[in-house]
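The values are calculated or read from the model by the stated rules, or taken from the named source; none is laboratory data. Keep in mind that this is a model prediction, so the values were computed, not measured. Cβ atoms come from the backbone with ideal geometry, glycine included; neighbour counts cover every protein chain shown.
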Amino acid sequence: MRAGRGEQLAKLAARELIENGEGELRQWIVMLGAIGDAKPEFLVYEPLFRSIMGMGVGYWDLES
């Protein structure tokens, strides 16, 4: 996502998604389908150590 290559993420097979984020990554891919290959201004992921997941936050300035 940082490199603006969301199209490559959309090509991941179901098995690859399970190994690399599964449900949350699928939601990011849907969002990237709407905004195209724009690079984010800000993108960060913070793992939540008390669980098996984390939180991702991103910002894309699509008006400039």
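Observations
- Among residues of region 1-12 being touching an Asp or Glu at 6+ places or on another chain (Cβ under 8 Å) and part of a helix (DSSP H, G or I), the one that is surrounded by the most Cβ atoms within 10 Å (Cβ to Cβ) is G6.
- Pairs with Cβ under 7 Å, 6+ apart, first in region 29-41 and without any contact (Cβ under 8 Å) to a residue 60 or more places away in the chain, second of a type in the set (F, W, Y) and surrounded by 12 or more Cβ atoms within 10 Å (Cβ to Cβ): I35/W60; A38/W60; P40/W60; E41/W60
- Checked against the criterion of being loosely packed, with under 10 Cβ neighbours inside 10 Å, assigned to a loop (DSSP other than H, G, I, E, B) and not β-branched (V, I, T), the candidates E63, E46 yield just one match: E63.
Residue by residue, here is whether (1) among the acidic types (D, E); (2) surrounded by fewer than 12 Cβ atoms within 10 Å (Cβ to Cβ); (3) modelled with pLDDT of 85 or more; (4) in contact with a Ser or Thr (Cβ under 6 Å, 6 or more places away or on another chain) holds:
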residue: A14; (1), (2), (3), (4): no, yes, no, no
residue: L17; (1), (2), (3), (4): no, no, no, no
residue: W28; (1), (2), (3), (4): no, no, no, no
residue: A38; (1), (2), (3), (4): no, no, yes, no
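- Restricting attention to region 36-60, the residues being within 12 Å of the chain's Cα centre (by Cα) and among the aliphatic types (A, V, I, L, M) number 4.
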